[in-house]
Amino acid sequence: MAQPEPVLAVDALVVRFPTADGVVEAVRGVSWSVGPGQVLGIVGESGAGKSVSALAVMGLLPDPAVVSGSARLRGAELVGMAPRVLNRYRGERLAMIFQDPMSSLNPVRTVGWQLAEAVRVHHEVSRRDARSRAVELLELVGIPNPRQRARGYPHELSGGMRQRVVIAMAMANDPEVIIADEPTTALDVTVQAQILETLHRAREATGAAMVLITHDLGVVAGVADEVIVMYAGRVVERGGVDEVFYRPRMPYTQALLGSLPRVGPDGSGRSVPIPGAPPSLIDLPPGCPFAPRCSFARADCGDEPVLRLVEPPRHQVACHFSEQVASAWGGSGEPAARAVNGEVSGGRS
Amino acid sequence: MTVLAGASGTGVVVGQPVLAVRDLVVHFGARRRSRPPLAGRRSAGIVHAVCGVSFDLGAGETLGLVGESGCGKSTTARAVLQLVPPTSGSVRFEGRELTSLGTGELRRLRADLQMVFQDPYSSLDPRMSVGTSVAEPLRVHRRLGVHGEERVAELLRTVGLDPAHARRYPHEFSGGQRQRIGIARALALEPKVLVLDEPVSALDVSVKAGVVNLLEELQDRLGLAYLFVAHDLSVVGQISDRVAVMYLGKLVETGTAAAVYQHPSHPYTQALLSAVPQPDPALERRRRRIVLTGEVPSPVSPPSGCRFRTRCPKAAPVCAEEEPALVDRGQGHPVACHFAEAVDPGARCGIG
């Protein structure tokens, strides 16, 4: 792969949580990387391990979690890094944006104070300078009257404004990578459009690479360069955004795309649910974890497929039948999961 | 399914709406704030949550009510069911005025008008088994009888759950399954109208489609009428026969789903539709989004004239003075805008 040196490279990442019922393997050997200025989208259903893998990279998982594998930021290994060293990386070179801005902001401090703190933690600047940097950041993310807003508290802001403050905080120290975990999920569509634009502006201003975790395939389609699809703690498909959306080779990706309702010019079209539910990650049975929900499933699926290259340079799929799966796909506009589920139902007029 | 079949067929003359809402107004009294607010705008006053909303809902029909958070869509839904008292206006169910009914009469009528809530985690009692939860409306309306258990099993089967799970508790179910339980409970009394307040917003995409399809099947089978409240335009477009777009307490555009989605004519509807991200990379790269600036103004002191004018790209002086009525302005469906102009979303997205 003739790609520039990645900024952040995750390799064979494994996360285990010991519980009373057994060990939950939430992330089972995940590898991805993101190049400078690139956007990597991570998609999948709840419980696929998207957020846990990001938290593992940030070193933010609670104590019982066991993380192994590697995550390198410009060559520096983050897994197992001493907290004192990691603290210097977090917020300065590696920033994270969470889904719920209300719980990532301190309710008893002003917005300006919190932004100034983020600056002062990593740089030796005067309070006054940190303060003016805070106002500058608020202006950068499109908050009107930034000077006045800086004196306000989080509860005085709307959800969209709070998320902008969180983005401003992530930008505060010109990070190399911004990990955004469902940054627009709790917001209205119009606000979501504003936030996506703000994220774009944040990337342009800082030149940071971005890892965008979301279950909304529409958000990823417009923003990402590369996409990975996760299922049951593994990457099941990985490729350029066009490859994954237009030529999906994994039945799960196709089913996921087929389950989406679309606002087409005709405003209609039936979406197809994925039958069954994701497997429990405690004592996962051997074989392909998607097999119980997959219409292509055959005897071979008893062996868990590994990610293999199906289309150079980078389209990889973990499925034994990716060729058949590819030919069953009806094309971009068609919810081809109909073919996947063998369910052909007349559209609603 | 003989027990459930009662709701379809008889009772409603074709063409006469099951539910007719006229000039519905809901105001909430706001309390004085102890600390002076930031912008100084939000002084003590009345929250104008719903300001003169009118619509009809026909038998077996789905009306989608869409809008952003705080536009009054949930309050409208609740006021229709008299769960919040309307300040003024009329809500008629099969010709009977609901706003003037006494508690006892209202309770009896509620069997015909049921609600499904957004959050299946908080709408089910965690200490009540699923069977008991589903049977509760039957018990309240003294219809449990000797066949209660069979009826509960049948309801669970209707929504695609295993009747053997009636003894289990809500925490043992996934989000999608819980929403199905909520739907089973709402169906228990064989209602004619189901008010669904963001029924699929909290669910994963793969599960969402299943619940939406279930709702469509139930409607076809039982002849239910749905008032479907949601902020997700793609789901609303899929399930609705007609759509009403709401902004700051008022309807700004109504029409068949095809008309509103194919020829959105109010600038707000156009902005809403253009903001929905599509799972199509090429389309996403090409299209120009109408990104609305600013936020929804406070419903305590809504703007004069057209309420959308503060964020509208087409705003002109007339918009501040004269409130545009919701009438057909040559687009084939009612639009509340002085400068209504149908736009082909295909062209906007850069297809044509």
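The values are calculated or read from the model by the stated rules, or taken from the named source; none is laboratory data. What you see is a predicted model, and the numbers here were worked out from it, not measured in a lab. Cβ: placed from backbone, ideal geometry, glycine included. Neighbour counts: every protein chain shown. When the accessible area is computed, the model is the full protein with side chains, heavy atoms only, and any ligands, DNA or RNA have been set aside. Shrake-Rupley method; radii C 1.70, N 1.55, O 1.52, S 1.80 Å.
Within the stretch B:279-316, being free of Cβ contacts under 8 Å to residues at least 12 places away in the same chain and open to solvent by less than 20 Å² (accessible area, probe 1.4 Å) holds for B:P279, B:P281, B:E284.
Residues to consider are B:E154, B:E136, B:E190; find the one that is on the phi > 0 side of the Ramachandran plot, open to solvent by 20 Å² or more (accessible area, probe 1.4 Å) and over 19 Å from the mean Cα position of the chain (by Cα). Spell out the reasoning first.
Numbers: B:E154 fails: on the phi > 0 side of the Ramachandran plot; B:E136 fails: on the phi > 0 side of the Ramachandran plot.
The unique qualifying residue is B:E190.
Checked against (1) surrounded by 17 or more Cβ atoms within 10 Å (Cβ to Cβ); (2) in a loop (DSSP other than H, G, I, E, B); (3) more than 8 Å from every other protein chain (Cβ to nearest Cβ), B:C319 passes all but a single condition, namely (2).
Across the stretch A:251-275, which residue is nearest to the chain's Cα centre (by Cα) among those that are within 21 Å of A:W329 (Cα to Cα), at pLDDT below 85 and of a type outside the set (K, R)? Don't jump to the end; show me each part of the working.
From the stretch A:251-275, those within 21 Å of A:W329 (Cα to Cα) are A:251-264, A:268-275; that's our starting set.
Retained after the next criterion (residues that are at pLDDT below 85): A:261-264, A:268-271.
Retained after the next criterion (residues that are of a type outside the set (K, R)): A:261, A:263-264, A:268-269, A:271.
On the way: A:P261: 21, A:V263: 23, A:G264: 26, A:S268: 29, A:G269: 28, A:S271: 23 Å.
Result: A:P261.
Among the residues of the stretch B:201-250, just one is open to solvent by 10 Å² or more (accessible area, probe 1.4 Å), under 18 Å from B:V80 (Cα atoms) and out of contact with any helix residue (DSSP H, G or I) (no Cβ under 9 Å at 6 or more places or on another chain), namely B:K250.
Report whether or not A:E243 is in contact with a strand residue (DSSP E or B) (Cβ under 9 Å, 6 or more places away or on another chain), of a type outside the set (V, I, T) and surrounded by fewer than 23 Cβ atoms within 10 Å (Cβ to Cβ). If you could, list the steps in order and put the result at the bottom.
On the way: in contact with a strand residue (DSSP E or B) (Cβ under 9 Å, 6 or more places away or on another chain): yes; of a type outside the set (V, I, T): yes; surrounded by fewer than 23 Cβ atoms within 10 Å (Cβ to Cβ): yes.
For A:E243, the condition - in contact with a strand residue (DSSP E or B) (Cβ under 9 Å, 6 or more places away or on another chain), of a type outside the set (V, I, T) and surrounded by fewer than 23 Cβ atoms within 10 Å (Cβ to Cβ) - is met.
Annotation note: of A:A172, A:A180, the sole residue that is more than 13 Å from chain B (Cβ to nearest Cβ), in contact (Cβ under 8 Å) with a residue 12 or more places away in the chain and out of contact with any strand residue (DSSP E or B) (no Cβ under 6 Å at 6 or more places or on another chain) is A:A172.
The residue that is nearest to A:V244 (Cα to Cα), counting only those in the stretch A:188-220 that are away from chain B (no Cβ under 12 Å) and in a loop (DSSP other than H, G, I, E, B), is A:A208.
Determine which member of the set B:R285, B:R307 is among the charged types (D, E, K, R) and part of a helix (DSSP H, G or I).
On the way: B:R307 fails: part of a helix (DSSP H, G or I).
Exactly one residue qualifies, and that residue is B:R285.
Against the test of being under 19 Å from A:A170 (Cα atoms) and either of a type in the set (K, R) or free of Cβ contacts under 8 Å to residues at least 24 places away in the same chain (or both), the options A:R72, A:R84, A:R90 yield a single qualifying residue, A:R90. When A:V10, A:V15, A:V67 are screened for being touching a Phe, Trp or Tyr at 6+ places or on another chain (Cβ under 7 Å) and not in a loop (DSSP other than H, G, I, E, B), only A:V10 passes. Residues that are open to solvent by 50 Å² or more (accessible area, probe 1.4 Å) and under 24 Å from B:E216 (Cα atoms) were ranked within the stretch B:165-179; the one that is farthest from the chain's Cα centre (by Cα) is B:S174. Scanning the stretch A:25-37 for residues that are crowded, with 19+ Cβ neighbours inside 10 Å and either free of Cβ contacts under 8 Å to residues at least 12 places away in the same chain or out of contact with any helix residue (DSSP H, G or I) (no Cβ under 9 Å at 6 or more places or on another chain) (or both) yields A:E25, A:R28, A:S33, A:V34. Is it the case that B:T76 is closer than 20 Å to B:M115 by Cα and either in contact with a Gly (Cβ under 6 Å, 6 or more places away or on another chain) or modelled with pLDDT of 95 or more (or both)? Against the criterion (closer than 20 Å to B:M115 by Cα and either in contact with a Gly (Cβ under 6 Å, 6 or more places away or on another chain) or modelled with pLDDT of 95 or more (or both)), B:T76 qualifies. Annotation: B:R107 fulfils all but one of (1) of a type outside the set (D, E); (2) in a helix (DSSP H, G or I); (3) over 15 Å from B:V193 (Cα atoms); the unmet one is (3). Does at least one position in the stretch A:242-257 carry a residue that is within 9 Å of chain B (Cβ to nearest Cβ), in a helix (DSSP H, G or I) and of a type in the set (S, T, Y)? Within the stretch A:242-257 (the criterion being within 9 Å of chain B (Cβ to nearest Cβ), in a helix (DSSP H, G or I) and of a type in the set (S, T, Y)), the answer is yes, since at least one residue qualifies.
Quick check, is A:R238 in contact with a Phe, Trp or Tyr (Cβ under 9 Å, 6 or more places away or on another chain), closer than 19 Å to B:A282 by Cα and open to solvent by 10 Å² or more (accessible area, probe 1.4 Å)? Don't jump to the end; show me each part of the working.
On the way: in contact with a Phe, Trp or Tyr (Cβ under 9 Å, 6 or more places away or on another chain): yes; closer than 19 Å to B:A282 by Cα: yes; open to solvent by 10 Å² or more (accessible area, probe 1.4 Å): yes.
Here the answer is yes, as A:R238 does meet what is asked.
Selection of helices (runs of 4 or more DSSP H) fully inside the stretch A:85-177 by the criterion of at least 3 residues being open to solvent by less than 50 Å² (accessible area, probe 1.4 Å) returns A:111-122, A:127-140, A:159-171.
Restricting attention to the stretch A:183-205, the residues that are in contact (Cβ under 8 Å) with a residue 40 or more places away in the chain and touching a His at 6+ places or on another chain (Cβ under 8 Å) add up to 1.
Screening the stretch B:141-253 for strands (runs of 3 or more DSSP E) wholly inside it with 3 or more residues that are within 12 Å of chain A (Cβ to nearest Cβ) returns the ranges B:242-247.
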